[in-house]
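Comments concern the structure below.
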Amino acid sequence: MTVASALEMALAAVVLGVATWTIAARETFAAVVGFVTYGLLLALIWVRLDAVDVALVEAAIGGGLGGVLLLGAAARLRVTETPTATERPSATVRVGAALLSAAVAAALATGVILLPDPAPTLAPAAAANATATGLGNPVTNVLMAFRAMDTMLEKVVLLLALVGVWSLAPDRLWGGHPGPRHRADPLGTLAFLARLLPPVGIVVGIYVFWTGKDHPGGAFQGGTILAAMWLLVMMAGIADAPQVSSRRLRIVLIAGPGIFLAVGLAGFAIGSAFLAYPVAYAKPLILGIEVAMTLTIAATLGLLLAGAPERSAGQ
Amino acid sequence: MSVAVDIITIVAITAGAFFFLAGTVGLLRFPDTLTRLHALTKADNLGLGLVVLGLVPQAGSLRGGLKLLCVWALALLAGAMVSQLIAREASGQRGDPAMRHDGPPP
Amino acid sequence: MIEFMTTVLGFILAMLALGLVRILRGPADADRMMAAQLIGTGGIAALLLLGTVTAVPATVDVALTLALLATFASIAFVKKGRANAPDSTGDA
Amino acid sequence: MSAAIVFGLCGAAVAGLGLYGLIADPRPLRKIVAFNLLGSGVFMVFGVVARRGAASGFGGDPVPQALVITGVVVAFSATALAVALLLRLFQVTGSATLNTEAPAGTGTDPADA
């Protein structure tokens, strides 16, 4: 056994251990901390699997924003912990669940072991058509050109989720500011961090987006970093979350999918089909869509984490 | 030349690994939250710092080396601040107005 | 050199696994957050080593992202801890 | 046994763990976390498929990788919506239980939500 494969087994074992803890922990807060750690370690696995684009997403979502979302909810719901814990399902249900889960895991594992050899792959097709877009990152090519429909609909899903979150506001608060108004000591550590980190983070976010055309990175990864910086500023009380009825905000929110859709429809006229880019303009068109999407993603993710409107306008 | 560079790398990374060991042992063995935080910050700053220092000569390009240093600087900055915040949270001083400013007095 | 770095990588991974014990044991939430913080930093170091071992330079970008965002969970923890304090603005 | 297989088995086990937690834990937030674990286990299996498809100078097949990225984004949106629903449920009823015959909580009538 080589050093490298021992390392892989160790990594898999640690990840499995954290996953077990996340399920088994008695306190929800402890379980969520376990889940955040799991996200961090998963980024290592994705790098090992040579999927650096996915590792970036996992680091940004699993280790970063997902942790904020779940830790916040765990802290707010702490008081409900004891009563619900008494509703433990009966032993029969638990044994049944364990058997079912074991069967599903075994089926998946068998599937992994019996994967066909040689593995079917679309990599040669992706490589052969890379010249059509002029982008060097195959994953960006797939996301923005070969399977662009998926990516466009994914952005729509993000928007729908945001509309769903907003619709949870009580009627009288509709259109107000999401989440509580955060206040922090303006001379304290958090406010200092929120003034120091965002300029750096915005540069890193734009870099990750821009490098995504030829190297791992892209609109979603960059947008997540931007969203995190916005969230930091909101949490430190330096800027309030905008009213969800604000027109400017809504324009930013629909800019990404809107431009994507417009370019897609224009594909009928200038290309040959929906979302067909004319080869000569493919690269600038894709970059234009990505710029708009980065902004939309940053705004959508930031507002998704801020939550449903809880204060009416001006409060 | 290359051998000298490799020796620097090995020494620095080994030292970095040692600080991770120290930080972890401290996190596990120290008796209370604040002393454990003390152990943690050593691993944060020195452990990662020495590993980065060891990797910089291997980076192969100026750009790669600078990016490595950026990672360390960011981790240093964010880690130091968050340790502050956790410490305040742990020691329960957040409600005490006298302890709230850590910058110079206005 | 590759062998050496892989060994150190394994060592740091072992340290991270030990750090998990603190998440298991607590006792306070702050202890758990600190362990997560240590695992974040160790994860960054492990990523940088892994990137050098496997010769994937883009790994540094993942480490950069982690360095920026790994602290966010801790910030959320501190914020939410404060929301329950008397001087807060009373969410919930 | 190649590297990919190890992580594939790890992913299968994580998916199983997530499914167990989703069914067996009564607390909604824990169900959400377990659901995320289940998803990430499946993504890991996808990652193995991608890795095995390495060809043409790419480290992996970019199509499954892109699918995983899309999947992570959609899973995150679903998680955010689920958490918001849960927090609203807590705001309205003062408890966070999925049990319809909840023990006498404050204002158990969900109709006024």
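Any residue that is among the basic types (Lys, Arg) and at the interface with another protein chain (Cβ under 7 Å from one of its Cβ atoms) - is there at least one of those in region D:31-47? The answer is no; no qualifying residue exists. Scoring residue C:20 on the criteria (1) touching a residue at least 12 places away in the same chain (Cβ under 8 Å); (2) surrounded by fewer than 24 Cβ atoms within 10 Å (Cβ to Cβ); (3) more than 13 Å from the chain's Cα centre (by Cα) leaves a single failure, condition (3).
Using the structure shown, decide if residue C:10 is part of a helix (DSSP H, G or I) and crowded, with 22+ Cβ neighbours inside 10 Å. Step through it out loud before you land on a result.
Details: part of a helix (DSSP H, G or I): yes; crowded, with 22+ Cβ neighbours inside 10 Å: no.
No: the conditions fail for residue C:10.
Report, by residue number, each residue of region A:106-144 that is part of a helix (DSSP H, G or I), farther than 30 Å from residue D:20 by Cβ and free of Cβ contacts under 8 Å to residues at least 24 places away in the same chain. Spell out the reasoning first.
Restricting attention to region A:106-144, the residues satisfying the condition of being part of a helix (DSSP H, G or I) are A:106-113, A:123-128, A:130-132, A:138-144.
From what's left, farther than 30 Å from residue D:20 by Cβ: A:123-128, A:130-132, A:138-144.
Residues satisfying the conditions are A:123, A:124, A:125, A:126, A:127, A:128, A:130, A:131, A:138, A:141, A:142.
Is it true that residue A:123 is aliphatic (A, V, I, L, M) and farther than 30 Å from residue A:234 by Cα? Answer is yes for this residue. For region A:1-21, check the following and say yes or no: at least one residue is buried (at least 23 other Cβ atoms within 10 Å of the Cβ) and either among the basic types (Lys, Arg) or more than 7 Å from chain D (Cβ to nearest Cβ) (or both). Yes, some residue in region A:1-21 is buried (at least 23 other Cβ atoms within 10 Å of the Cβ) and either among the basic types (Lys, Arg) or more than 7 Å from chain D (Cβ to nearest Cβ) (or both). Using the structure shown, decide if residue B:42 is at pLDDT below 85 and either in contact with a Leu (Cβ under 8 Å, 6 or more places away or on another chain) or not β-branched (Val, Ile, Thr) (or both). When the stated conditions are applied, residue B:42 passes them. Whenever a residue of region B:33-59 is more than 7 Å from every other protein chain (Cβ to nearest Cβ), its partners that are of a type in the set (A, V, I, L, M, F, W, C) and not in a helix (DSSP H, G or I), lying with C-beta atoms within less than 8 angstrom and at least six residues away or across chains, give the pairs B:38/B:30; B:39/B:30.
Residues of region A:194-240 that are in contact (Cβ under 8 Å) with a residue 60 or more places away in the chain, surrounded by fewer than 24 Cβ atoms within 10 Å (Cβ to Cβ) and assigned to a loop (DSSP other than H, G, I, E, B): A:213, A:214, A:215, A:240.
Within the option set D:12, D:24, D:3, being within 7 Å of chain A (Cβ to nearest Cβ), at pLDDT 90 or above and on the phi < 0 side of the Ramachandran plot holds for one residue only, D:12.
Residues that are at pLDDT 80 or above, outside any helix (DSSP H, G or I) and touching a helix residue (DSSP H, G or I) at 6+ places or on another chain (Cβ under 9 Å): does region D:56-77 have at least one? Yes; the residues of region D:56-77 include at least one that is at pLDDT 80 or above, outside any helix (DSSP H, G or I) and touching a helix residue (DSSP H, G or I) at 6+ places or on another chain (Cβ under 9 Å). If I filter region D:50-58 for residues that are under 17 Å from residue A:58 (Cβ atoms) and either at the interface with chain A (Cβ under 7 Å from one of its Cβ atoms) or of a type in the set (A, V, I, L, M) (or both), do I get at least one hit? There is at least one residue in region D:50-58 that is under 17 Å from residue A:58 (Cβ atoms) and either at the interface with chain A (Cβ under 7 Å from one of its Cβ atoms) or of a type in the set (A, V, I, L, M) (or both). All conditions in (1) exposed (fewer than 14 other Cβ atoms within 10 Å of the Cβ); (2) at the interface with chain D (Cβ under 8 Å from one of its Cβ atoms); (3) of a type in the set (A, V, I, L, M) hold for residue A:57, with the sole exception of (1).
Hey, could you check region A:177-214 for residues that are in contact with a Pro (Cβ under 8 Å, 6 or more places away or on another chain) and at pLDDT 80 or above and say which is farthest from residue A:57 (Cα to Cα)? Filtering first and then ranking leaves A:177. Residues in region A:147-175 that are touching a strand residue (DSSP E or B) at 6+ places or on another chain (Cβ under 8 Å) and either assigned to a loop (DSSP other than H, G, I, E, B) or surrounded by fewer than 17 Cβ atoms within 10 Å (Cβ to Cβ) (or both): A:169, A:174, A:175.
Take residue A:221 and decide whether it is under 21 Å from residue A:149 (Cβ atoms) and either polar (S, T, N, Q) or in the same structural domain as residue A:50 (by TED's automatic domain parsing) (or both).
Working: under 21 Å from residue A:149 (Cβ atoms): yes; either polar (S, T, N, Q) or in the same structural domain as residue A:50 (by TED's automatic domain parsing) (or both): yes.
Taking the combined requirement at face value, the residue satisfies it.
Is it true that residue A:304 is touching a residue at least 40 places away in the same chain (Cβ under 8 Å), of a type outside the set (Asp, Glu) and surrounded by fewer than 18 Cβ atoms within 10 Å (Cβ to Cβ)? For residue A:304, the condition - touching a residue at least 40 places away in the same chain (Cβ under 8 Å), of a type outside the set (Asp, Glu) and surrounded by fewer than 18 Cβ atoms within 10 Å (Cβ to Cβ) - is not met.
Within the option set A:310, A:290, being in contact (Cβ under 8 Å) with a residue 12 or more places away in the chain, in the same structural domain as residue A:169 (by TED's automatic domain parsing) and not in a helix (DSSP H, G or I) holds for one residue only, A:310.
Residue count for region D:52-81, restricted to those that are over 16 Å from residue A:144 (Cα atoms), within 18 Å of the chain's Cα centre (by Cα) and not hydroxyl-bearing (Ser, Thr, Tyr): 7. The single condition among (1) at pLDDT 85 or above; (2) more than 7 Å from every other protein chain (Cβ to nearest Cβ) that residue A:81 does not meet is (1). In summary, residue D:89 fulfils each of the numbered conditions (1) of a type in the set (A, V, I, L, M, F, W, C); (2) outside any helix (DSSP H, G or I); (3) more than 7 Å from every other protein chain (Cβ to nearest Cβ) with the single exception of condition (2). Looking only at residues that are farther than 20 Å from residue A:207 by Cα and without any contact (Cβ under 8 Å) to a residue 12 or more places away in the chain in region C:31-71, which one is surrounded by the most Cβ atoms within 10 Å (Cβ to Cβ)? Checked region C:31-71; the qualifying residue surrounded by the most Cβ atoms within 10 Å (Cβ to Cβ) is C:32. For region B:7-14, does any single residue satisfy the condition of being within 30 Å of residue C:25 (Cβ to Cβ) and more than 8 Å from chain C (Cβ to nearest Cβ)? No, every residue in region B:7-14 fails to be within 30 Å of residue C:25 (Cβ to Cβ) and more than 8 Å from chain C (Cβ to nearest Cβ). For the residues C:29, C:87, the requirement of being closer than 24 Å to residue A:74 by Cβ, modelled with pLDDT under 85 and at the interface with chain A (Cβ under 7 Å from one of its Cβ atoms) singles out C:29. In region D:1-55, the residue that is surrounded by the fewest Cβ atoms within 10 Å (Cβ to Cβ) out of those that are in a loop (DSSP other than H, G, I, E, B) and among the aliphatic types (A, V, I, L, M) is D:1.
The values are calculated or read from the model by the stated rules, or taken from the named source; none is laboratory data. Quick caveat, the model's predicted, so the values are computed rather than measured. Note that we place each Cβ from the backbone using ideal geometry, even for glycine, and neighbour counts take in every protein chain shown.
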